[in-house]
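*Asks:* Provided herewith is a single structure, encoded as structure tokens, for subsequent inquiry.
The values are calculated or read from the model by the stated rules, or taken from the named source; none is laboratory data. Here the structure is a predicted model, which means the values were calculated and not measured. Methodologically, a virtual Cβ is constructed for each residue, glycine included, from the backbone with ideal geometry; neighbour enumeration extends over all protein chains shown. What goes into the accessible areas is simple: the full protein's heavy atoms, side chains included, and nothing from ligands, DNA or RNA. Shrake-Rupley method; radii C 1.70, N 1.55, O 1.52, S 1.80 Å.
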Amino acid sequence: MNELQDLDRRHHLHPFTDHRTMHQTGTHVIVRGEGCYLIDQTGKRLLDGLAGLWCVNIGYSNPRVVQAVQQQMQQLPYYCSFFNTTTEPSIRLAHKLADLAPVRLNHTIFCNSGSEANDTALKLIRAYNKLRGKPQKTKILSRTYSYHGVTLATTSLTGLPTCYQPFDLPLPGFIHVPGPYRYGAKTTLTDEEYGQWCLSQTRDIIQKEGADTIAAMFVEPIQGAGGVIVPPKGYLSELRALLREHEILFVADEVISGFGRLGDWFASNLWDLDPDILTLAKGVTSGYLPLGATMLSDEIVETLHQGGYLAHGYTYSGHPTACACALENIAVIEDMGLIQTTREQTGPYFQKKLRALKDHPAVGEVRGCQLIGAIEIKAPGAPNTLGAKAASIARENGVIVRGIRDLIAMSPPLIITPPEIDQLFDAVHKTLDSLLI
Ligand SMILES: Cc1ncc(COP(=O)(O)O)c(C=O)c1O
């Protein structure tokens, strides 16, 4: 074990890690990033098939973003947006986001992460309903297998027992309805039939709880960390209509799906979801600096304004350096045509390579959309360990993928080229072969 690994073992607690297992071998230290590649402490070069944590959309170490951050740091590294004051990058970014987001979403409150963006949405929804005379509308719906963050409230939203059970959550008033994970349900229904079943369960739960007590539903257009669960045909539009019918706000959690991964700025644009609130983080800065945001409809903001003083926000809400980073990151996405390339070239090519694996003997199912995908593994081994095992073999084969239960997930940087997609899938193929030995 080298010095860094030793210090790490003694002092550093990692997120989402079994420390006893990690300490047996020592942590994996990454030292550099170039485009789609990471270089570790031993000099090994790894193709990052997950874009960090679904976030490094423009790839690593883009010089334009590095320079924009440096320039902002030199001019004004920090000032807040409290006390009737703010800075230029936060204004320009709020304006740009209003341009890119669905038409009713013209207002942004900034924070530092996806969790905070959803937590902020939860608080503002409570304030909104209280101000419009519906304080009893407090319950919140989300779906099984969803991931919305790690604060007390957003862990309560998250529909993954491994995330909420250790903390005795969810809090009262957070209700999980079935997410459309047909493969995990081991049912004979088709995707579409299972989607319909989920909708009917959701309708029943709304009826049982009483729509007048339910404030909002949080929805990832594609459920990412829960295993890349792609909505079946018709499901999202029917869910949207159901919530509108019951005056339940629709919150699109676009923390993963925003900023190009699905071939549009937002899945809400692509699938015409017309959210009342949209939350974002990750790809807004390609992960170069922490930044999250909650975008709100004109109607919600008008009501909130009637409440006067808005007692919410963080020291770093609208941090000028993070906002300058985001503005340049968005400009890079635009100038490189990454949305169009994802939609027309790399996304379809990635999906073709993914689907070519569907008859591999170690594969139960493949699914995905544009530059996001998952492979369900069926191979010998203890349940819920095959994903981690495959991810660790894939790393030896030179690529990073994410292990979740018995599946691997991939979401490479949007700058990935067809030869790099070939490299990713060659390594994944080799990994799947070795799971059968
Ligand atoms: C859909 C979604 N929402 C929220 C979050 C939480 O974001 P953060 O880790 O920045 O708090 C994540 C993180 O993976 C996510 O995937």
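*Asks:* Is it true that Leu171 is out of contact with any Gly (no Cβ under 6 Å at 6 or more places or on another chain), aliphatic (A, V, I, L, M) and within 16 Å of the ligand (Cβ to nearest atom)?
*Replies:* On the way: out of contact with any Gly (no Cβ under 6 Å at 6 or more places or on another chain): yes; aliphatic (A, V, I, L, M): yes; within 16 Å of the ligand (Cβ to nearest atom): no.
Here the answer is no, as Leu171 does not meet what is asked.
*Asks:* Only residues in the range 46-71 that are farther than 14 Å from Glu420 by Cβ and within 16 Å of the ligand (Cβ to nearest atom) count as the first member; pair them with residues that are open to solvent by 20 Å² or more (accessible area, probe 1.4 Å) and β-branched (Val, Ile, Thr), Cβ under 7 angstrom, at least 6 apart or cross-chain, and list the lot.
*Replies:* Trp54/Ile256
*Asks:* Those residues that are over 9 Å from His319 (Cα atoms) and open to solvent by less than 90 Å² (accessible area, probe 1.4 Å), I need them from the range 72-85; list them, please. Quick ask: steps written out before the conclusion?
*Replies:* Step one: filter the range 72-85 for residues over 9 Å from His319 (Cα atoms), giving 72-76, 82-85.
Scanning the range 72-85 gives Gln72, Leu76, Phe82, Thr85.
*Asks:* Sticking with this structure for a sec: Any residue at all in the range 161-168 that's open to solvent by less than 30 Å² (accessible area, probe 1.4 Å), within 16 Å of the ligand (Cβ to nearest atom) and touching a residue at least 60 places away in the same chain (Cβ under 8 Å)?
*Replies:* Of all residues in the range 161-168, those open to solvent by less than 30 Å² (accessible area, probe 1.4 Å) come to 163.
Checking the rest, the ones that are also within 16 Å of the ligand (Cβ to nearest atom) come to 163.
Retained after the next criterion (residues that are touching a residue at least 60 places away in the same chain (Cβ under 8 Å)): none.
Checking the range 161-168: not a single residue is open to solvent by less than 30 Å² (accessible area, probe 1.4 Å), within 16 Å of the ligand (Cβ to nearest atom) and touching a residue at least 60 places away in the same chain (Cβ under 8 Å).
*Asks:* Is there a residue in the range 223-230 that is under 25 Å from Ala326 (Cα atoms), open to solvent by less than 10 Å² (accessible area, probe 1.4 Å) and within 16 Å of the ligand (Cβ to nearest atom)? Spell out the reasoning first.
*Replies:* Step one: of the range 223-230, the residues under 25 Å from Ala326 (Cα atoms) are 223-225.
Filter again for open to solvent by less than 10 Å² (accessible area, probe 1.4 Å), leaving 223-224.
Narrowing further to those that are within 16 Å of the ligand (Cβ to nearest atom): 223-224.
Yes, the range 223-230 has at least one match.
*Asks:* Show the residue pairs that are 6+ apart or on different chains and have beta-carbon atoms under 8 Å apart, the first residue being within the range 373-386 and in contact (Cβ under 8 Å) with a residue 60 or more places away in the chain and over 17 Å from Lys186 (Cβ atoms), the second being open to solvent by 10 Å² or more (accessible area, probe 1.4 Å) and outside any strand (DSSP E or B).
*Replies:* From residues that are in contact (Cβ under 8 Å) with a residue 60 or more places away in the chain and over 17 Å from Lys186 (Cβ atoms), the pairs are Gly373/Gln351.
*Asks:* Among the residues of the range 405-437, write down those that are without any contact (Cβ under 8 Å) to a residue 24 or more places away in the chain and either over 28 Å from Leu338 (Cβ atoms) or open to solvent by less than 10 Å² (accessible area, probe 1.4 Å) (or both). Reasoning before the result, please.
*Replies:* Initially, the range 405-437 is screened for residues without any contact (Cβ under 8 Å) to a residue 24 or more places away in the chain, giving 419, 426, 437.
Scanning the range 405-437 gives a single hit, Ile437.
*Asks:* Can you pull out the residues in the range 276-291 that are under 15 Å from Phe110 (Cβ atoms), away from the ligand (no atom under 11 Å from the Cβ) and open to solvent by 10 Å² or more (accessible area, probe 1.4 Å)?
*Replies:* Leu289
*Asks:* Among the residues of the range 244-256, is any more than 13 Å from the ligand (Cβ to nearest atom), open to solvent by 10 Å² or more (accessible area, probe 1.4 Å) and part of a strand (DSSP E or B)? Outline the logic, then answer.
*Replies:* First, pick out the residues of the range 244-256 that are more than 13 Å from the ligand (Cβ to nearest atom): 244-250.
Now drop any that are not open to solvent by 10 Å² or more (accessible area, probe 1.4 Å), which leaves 244-247, 249.
Within this subset, residues satisfying the condition of being part of a strand (DSSP E or B) are 249.
Within the range 244-256, one or more residues are more than 13 Å from the ligand (Cβ to nearest atom), open to solvent by 10 Å² or more (accessible area, probe 1.4 Å) and part of a strand (DSSP E or B).
*Asks:* Something else now. Checking Leu280 against (1) over 20 Å from Glu299 (Cα atoms); (2) within 12 Å of the chain's Cα centre (by Cα): exactly one of these is not met. Which one?
*Replies:* (1)
*Asks:* Let me ask another. Given the range 303-363, what helices (runs of 4 or more DSSP H) lie entirely inside it while holding 1 or more residues that are within 30 Å of Ser81 (Cβ to Cβ)? Write out each step before concluding.
*Replies:* Numbers: elements: 320-335, 338-341, 347-355.
So the answer is 320-335, 338-341.
*Asks:* Select from the range 108-129 the residues that are assigned to a helix (DSSP H, G or I), open to solvent by 10 Å² or more (accessible area, probe 1.4 Å) and closer than 19 Å to Tyr147 by Cα and write down the one among them that is farthest from the ligand (Cβ to nearest atom).
*Replies:* As a first pass, look at the range 108-129 and keep what is assigned to a helix (DSSP H, G or I): 114-129.
Cutting the leftovers down to open to solvent by 10 Å² or more (accessible area, probe 1.4 Å) gives us 114-116, 119, 122-123, 126-127.
From what is left, the residues that are closer than 19 Å to Tyr147 by Cα are 114-116, 119, 122-123.
Values: Gly114: 2, Ser115: 3, Glu116: 7, Asp119: 9, Leu122: 12, Lys123: 15 Å.
For the range 108-129, the residue satisfying everything is Lys123.
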